[in-house]
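A quick write-up on the structure given underneath.
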Amino acid sequence: MVSSSKVFLLLCAGVLLGACEEQPTSDVADLNDEPVAVLPAEVTPDLQLASASTSFGDPLSRLTAEEQELFAEGLEEFSEEEEVDEGLGPVFNEAGCIVCHTDPVGGTTGRLETRFGRRGNSGRFDPLENLGGSLLQDQGIGAVDGGFTYVAEKVPRGANVVASRLTTPLFGLGLVDAVPDAELIGLARAQRNTRTPGIANMVTDLATGETRVGRFGWKAQVATLQTFSGDAYLNEMGITNPIFPNESCPQGNCAALEHNPMPTLNDSGAGVEAFKNFMTLLAPPPRGSGRSREGEELFQSTGCASCHTPKLATGRSPIAALDRKVFEPFSDFLLHDMGRLGDGIVQGNATGRLMRTAPLWGLRVRPVFLHDGRATTVTAAILAHDGQGRRARERFAELRSDKRRTLLAYLNSL
């Protein structure tokens, strides 16, 4: 593993601390006479830059023949749509991963899902699990033998918190998975005395039982790609598997499972593993045009980099393409208080105001933005920021039109 102190110093040497919103807001154009370097000061032999892909949907470069085969098998699993006799449902969101994660392969179609719950007078959040919450499955498999019909779930009348969730891109997640917990915890410590302190969301990884730093999902509620894969199989497709062996009860009514046409374990773990391999070996997005030194400077001087950390580093990995690599996700994968932009949903330690910093890489191929897809442009997404993102929003709004265009072109290059 790369030592925690080594990567921590690389990150703090200008990438993070130089952009932690400690600068005045009166004249954004003059915030940095000496621009902060985005690249680490030195890339040593044991800490190399991750190889860039040439197009979206590519596998990581320099994979072994065996790893290339695993990626191909994973891509095949990713591209298949499940059938009822394979365990689909009885309630689900989509029949296959590719339905939500294409255009390009591994991206997002803009598919929105629904979370709901109830906030009581005391402020306590109830996910209404007894009514099918907090994730709504918006499709059912229909009529089955015995005359029973499985229908789509609905938001129950008692819910007073309802939020849309955009399906997230899968690019480069193997690199994210390979970041040591210590580095994300160190990043949170580095932010502690800034205006934008992030929180490392400590969760129980259901695949191992270990306490880990969450990094996947809008609330950083999942720690590893293995669990992320198993979770998607159950909650998105209704496919039970060794990590998640129990079916979701339709609208919370577990008695309805008596009619389930596939009551046994739907996936032995092979499908989950293949999907995990696909995500692990999927390359990060290629950089586009519009990248400029001035754009980088504006990204930092406006405060965007205080949460959207440009670079992270992986630890040791048996996969050479993931082993001790510096990569550019433009996220710290920590929870931040987003004020009114929070979705109101509580998941574990992530309160209704806390949201994981969304990675910005591949921004140019997303059809909509923010957790609920409310923004149809990057400008609208920035101007919707609140809470810890408010000062960055204000600085962006203060930019001259030419500076704003330069920053937006830079964001479009990620």
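Read-outs throughout are calculated quantities, based only on the coordinates presented, and are distinct from any laboratory measurement. Computed from a predicted structure; not experimentally measured. Cβ coordinates were reconstructed from backbone atoms using ideal geometry, including for glycine residues, and neighbour counts include every protein chain displayed.
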Straight-line reach from LYS403: which aspartates and glutamates have Cα under 16 Å away, leaving out those fewer than 8 places along the same chain?
ASP27, ASP30, ASP33, GLU294, GLU296, GLU297, GLU394
Per-bin percent of Cα-Cα distances, the stretch 4-412 [20 Å]:
27, 57, 16, 1
Under 9 Å, Cβ to Cβ, from VAL91 - net charge with Lys/Arg +1 and Asp/Glu -1:
-3
Counting pairs of alpha carbon atoms under 8 Å apart in space and at least six apart in sequence, what relative contact order in percent does the stretch 4-412 give?
23 percent
Using alpha carbons only, how many degrees (0 to 90, rounded to 10) separate the axis of helix 270-281 from the longest principal axis of the chain?
10 degrees
Proxy reagent accessibility, fewest Cβ within 10 Å first, across THR351, THR54, THR108, THR208:
THR54, THR208, THR351, THR108
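If you take the C-alpha gyration tensor of the stretch 47-147, multiply each eigenvalue by 5 and take the square root, what semi-axes do you get, largest first, in whole Å?
The equivalent ellipsoid of the stretch 47-147 has semi-axes of 36, 23, 12 Å.
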Hey, could you pull the Cα Rg and Dmax for the stretch 335-414, both in Å?
13.2, 43
Per-residue Cβ contact counts at 10 Å, fewest first, order LYS325, LYS403 as LYS403, LYS325
